[in-house]
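Presented below is the structure to which this report refers.
The values are calculated or read from the model by the stated rules, or taken from the named source; none is laboratory data. The structure displayed is predicted, hence computed values, not measured ones. Cβ coordinates were reconstructed from backbone atoms using ideal geometry, including for glycine residues, and neighbour counts include every protein chain displayed. Note: areas computed on protein heavy atoms with side chains; ligands, DNA, RNA excluded. Shrake-Rupley method; radii C 1.70, N 1.55, O 1.52, S 1.80 Å.
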Amino acid sequence: MSTTPFVRGARWTVALVAVALVATGCTPSPAKPTASATGTPSVTATPTATPTPVAIPLSPLRGTPLADAKYTGTSLAAKIDNLSVARPQVGLEKTDIVFEELVEGGLTRYVAIWQSDIPKEIGPVRSIRPMDPDILSSFGGIVAYSGGQARFVALMQKAPVFNAIHGQAATADTFYRTANRTAPHNVIVRAQKLVGQHKNIKAPAQQFTYATATDPATATTAGTLTTSAKLVFSNVSTRTWVWNGPLKVWQRSQDGAKDYDSNKKQIQAKNVVILRVGINNSLGVPKTDLIGNGEAVIMSGGSRIAAKWSKTKATSKIALVDKTTNQPILLNPGNTWVEMVPATKGKISYVSPAPAAPATPAPTPTP
C-alpha cells in the first residue's frame with residue numbers, strides 16, 4: 001500500500017474582508033467641474049483603493065477563527081483510557097483532535113489533544129505506548145499520562161513535548177485519583193492548572209488544512225454521500241460514525257452502543273479521518289506504524305472521499321491528499337477524530353443514502 005509521500009507546509013487560510021478607503025490624513029479638495037460637449041459640467045471621480053486581502057488567524061487544531069477560541073496557548077495531549085469502566089471520559093467533548101489507536105487485547109486507547117478550549121479536568125489517563133511520540137511530536141506542547149514501560153517513557157521523553165507524568169513530585173498538585181472510579185481507571189488531571197504552569201510553551205502549528213466559505217470541504221464537493229461508517233479494529237472493538245444532518249456532525253457509537261461524553265451527550269465530530277495503518281508487534285505490544293504512507297478516507301459534511309496519507313518523520317504533520325487529484329484535502333472547520341484502523345485485519349464499511357425514488361407522473365385528465 002505504498003504511495004508517493006506528499007508533505008506540505010502549514011498555511012494560513014486567507015479570507016477577504018470589506019474594502020476600506022485609503023485614509024489621507026486631510027480633507028480632499030473637491031474636484032473641479034469640467035465642461036462636457038453639451039455644456040453640462042461633469043466631475044472627475046476620486047479613485048478608490050484596491051481591495052487588500054487580510055489574513056485571519058485560525059485556531060491551529062480546529063481551523064476556526066482564532067478570535068473564537070477560549071484559549072490560544074500551548075496544546076495539552078493526554079493518553080486517555082477507553083475501557084468501558086473508564087467511560088464517560090472527562091473533558092473528551094472539548095477536544096480539538098483525537099487519535100484512536102489499537103493496543104493490547106484488541107482494545108483501543110485515545111491520544112486526545114486540547115488547545116482551543118482547555119477543560120478544568122481531563123481523564124482518566126493511562127500509560128504511554130511506543131507510537132505516541134510519532135503522533136505527538138508535530139504538536140509540541142504538553143503530554144499527560146500515568147507512566148508506562150520504562151523504554152516507552154524514555155521514547156516519549158526524547159520527543160519535543162513536555163512530559164507530565166502521574167506519581168512524580170512535579171505533578172503532585174495537578175494529578176490525583178478520584179474516589180468516583182476504580183483504580184487504575186481513576187487518574188484525573190487538573191488540566192487548566194497544568195497548562196497554566198507552562199505558559200512559556202508555544203502554541204502548536206496548524207496540522208490540517210481547512211475549508212472556507214468560498215472553498216468548501218473536499219469531501220462535500222467531490223465525495224460520495226454517506227449515512228454511516230463502521231470501523232472494525234479487532235474482534236472486540238467496533239466503532240460506528242453516523243451522520244446527523246440537522247446537527248451537521250458525525251455521531252459516534254462503540255460496540256453497538258452510543259458513545260456519550262461526561263455531559264451525557266453523544267460524542268460528535270465535524271470530521272472523521274480514517275487512516276489504514278500497519279501494526280508492528282515486535283516490541284511486545286501493538287505499535288501503529290505512523291511514519292510512512294497509506295490509504296485514507298476523509299468524512300466531512302455527510303460525504304466521504306478516498307485519500308492518501310503520509311508522514312515522513314515524527315515531527316512532520318500528517319499530510320492528506322485527494323487520491324485522484326493529489327491535491328490537499330480540506331476539512332470542515334471544527335473538531336476531528338483520527339481513526340487509525342489496522343490495514344490487514346481491520347475492516348471498514350460504509351452505508352450511503354438510498355437514491356431518491358423517481359417522481360410519479362400526474363394522471364392525465366379524462367376528457
> What's the FRET efficiency of residue 236 with residue 315 using the Cβ-Cβ distance as r and R₀ = 45 Å, to the nearest 0.05?
Replying inline: 0.85
> To the nearest 10 square angstrom, how much accessible area does residue 71 have with a 1.4 angstrom probe?
Replying inline: 60
> Roughly how much of residue 351 is accessible, in Å² to the nearest 10, using a 1.4 Å probe?
Replying inline: 80
>> At R0 = 51 Å, how high is the FRET efficiency between residue 224 and residue 172 if r is their beta carbon distance? Nearest 0.05 is fine.
In response: 0.50
>> What is the sum of charges, Lys and Arg at +1 and Asp and Glu at -1, for the other residues whose Cβ falls under 9 Å from the Cβ of residue 114?
In response: -1
> Considering only protein heavy atoms, what is the solvent-accessible area of residue 247 at a probe of 1.4 Å, reported in Å² to the nearest 10?
Replying inline: 100
> Label residue 107 and residue 348 with points 7 Å out from Cα along Cα→Cβ: what is the distance between them in nm?
Replying inline: 2.6
> Quick one: if you stick a label point 7 Å off each Cα along the C-beta vector at residue 149 and residue 202, how many nm between them?
Replying inline: 3.4
> Heavy-atom accessible area per residue, the range 107-193, 1.4 Å probe: how many Å²?
Replying inline: 37
> How would 347, 270 line up by accessible area, probe 1.4 Å, largest first?
Replying inline: 347, 270
> Largest first, what is the accessible-area ranking of 227, 315, 214 with a 1.4 Å probe?
Replying inline: 214, 315, 227
> Looking only at the range 309-349, which residues have a backbone nitrogen under 20 Å from a spot 7 Å from the Cα of residue 158 in the C-beta direction?
Replying inline: 311-317
> What number comes out for the charge environment of residue 173, summing +1 per Lys or Arg and -1 per Asp or Glu over other residues with Cβ under 10 Å away?
Replying inline: +2
> If the cut-off is 12 Å between C-alpha atoms, which aspartates and glutamates fall inside it for residue 345, apart from same-chain ones fewer than 8 positions away?
Replying inline: none
> If you roll a 1.4 Å probe over the range 111-170 with all protein chains in place, what percent of the accessible area is carbon or sulfur?
Replying inline: 52
>> Net charge within 15 Å of residue 342 by Cβ-Cβ distance, Lys/Arg positive one each and Asp/Glu negative one each, not counting residue 342 itself?
In response: +2
> So which aspartates and glutamates pass the test for residue 317, namely a Cα distance under 20 Å, with those fewer than 8 places away in the same chain ruled out?
Replying inline: 96, 100, 101, 132, 134, 289, 295, 339
